[in-house]
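The values are calculated or read from the model by the stated rules, or taken from the named source; none is laboratory data. Treat the numbers as computed from the prediction; the structure is a model and nothing was measured. Here the Cβ positions follow ideal geometry from the backbone for every residue, glycine too, while neighbour counts run over all protein chains shown. Heads up: the accessible areas ignore ligands, DNA and RNA and are worked out on the full protein's heavy atoms, side chains in. Shrake-Rupley method; radii C 1.70, N 1.55, O 1.52, S 1.80 Å.
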Amino acid sequence: SACVLWGAQGGTGKSLLGEIIDMLYQPHGVIINEERLDGRFNAWQEGVSFCVGEEITGNDSRLFANKLKDMVTRQHVYVEHKGIDAMRLVDCTNYLLFSNHPDAVKLDVQDRRYFVWETPSEKLATKEGTRISRAMKSPEGMSALMHYLLEVDTSDFEPRAAPPVTHSKQAMIRDGMSDVELWI
């Protein structure tokens, strides 16, 4: 499954969260935009186990929605560099997608791939954001965060279970429907 965080209000800390998690995954993390995520050439995926997708717009494309569904659940990826034959690799990439749009990802009513959460509508105070950013860029801050995450009890976590259905997810499903789908 993948996580979609969306909120109409910019500046709430979505990108900061992505940067922090990306730092934990380095050198196997990447932060990219929707254009690169949807691009034919995907050399960025080689060796990547964590991907932050910034500014996902829900561009009304069923093709993009289907591509995302495949990316989230596939076992293998064909990494394609320009001018070089594609290589088949095991796909271990986890996705965290950010958007300011309530229809960022076109979801089916029966979706089993995405966890969707709407972020708070209040902006993160500049002073607080700066404090968090500085702490995470320090070796002590990253070590403390990594230690905390390694100590979280995940014994009851079932990785193959469907993600929880939130009110945000139900709203995103509705927001992605056409007028005809809503009518039916």
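Observations on the model:
- Charges were assigned to the Cβ only: +1 to each Lys and Arg, -1 to each Asp and Glu. The resulting dipole of the chain about its Cα centre is roughly 180 debye.
- Taking the 1.4 Å solvent-accessible surface of region 1-50 as the whole, the part contributed by carbon and sulfur is 52%.
- Computed over protein heavy atoms with a 1.4 Å probe, the accessible surface of region 31-184 works out to 67 Å² per residue.
- A simple rule links phi to the HN-Hα coupling: the Karplus curve 6.51 cos²θ - 1.76 cosθ + 1.60 with θ = phi - 60°, which for region 75-86 gives 8, 10, 10, 9, 7, 10, 8, 5, x, 10, 4, 5 Hz, with x for Gly and Pro.
- Convex hull volume of the Cα atoms of the chain, normalised per residue: 140 Å³.
- Restriction of the GluC sites (Glu not before Pro) in region 66-170 to DSSP coil positions whose beta-carbon has at most 12 other beta-carbons within 10 angstrom yields Glu122.
- Percent of Cα pairs exceeding the 17 Å cut-off, where the set is region 91-184: 69 percent
- GNM top mover of Gly29, Gly129, Gly83 - the chain, alpha-carbon springs below 10 Å: Gly83
- Gaussian network model of the chain, springs between alpha carbon atoms under 10 Å - residue of Lys14, Lys137, Lys169 with greatest fluctuation: Lys137
- Highest-fluctuation residue, Asp153, Asp38, Asp22 considered, GNM on the chain with Cα pairs under 10 Å: Asp153
- Pairs of Cα atoms nearer than 8 Å and 6+ residues apart set the relative contact order; for the chain it is 31 percent.
- Subset of Lys14/Lys137; Lys67/Lys169; Lys14/Lys169; Lys14/Lys106; Lys82/Lys137 violating a 28 Å alpha-carbon distance limit: Lys82/Lys137
- Sparse packing (at most 11 other Cβ atoms within 10 Å of the Cβ) combined with a DSSP loop state is found for the following chymotrypsin sites (Phe, Trp or Tyr not before Pro) in region 117-184: Phe157.
- Under the combined filter of DSSP loop state and at most 14 neighbouring Cβ atoms within 10 Å, region 1-72 retains these chymotrypsin sites (Phe, Trp or Tyr not before Pro): Phe41.
- A simple charge model with +1 on the Cβ of Lys and Arg, -1 on the Cβ of Asp and Glu and nothing else charged puts the dipole of region 74-159 at about 460 debye relative to its Cα centre.
- A probe of 1.4 angstrom, applied to the heavy atoms of all protein chains, finds Arg36 with accessible area near 130 square angstrom.
- Summed residue charge, Cβ within 13 Å of Gly129's Cβ, Lys/Arg positive, Asp/Glu negative: +3
- Distance cut-off 23 Å, percentage of C-alpha pairs in region 25-131 lying past it: 34 percent
- Beta bridges assigned by DSSP with both partners in the chain are antiparallel in approximately 20 percent of cases.
- Translational diffusion of region 1-88, µm² s⁻¹ [Kirkwood Rh, Cα pairs; Stokes-Einstein; 25 °C; 0.890 mPa s]: 172 µm²/s
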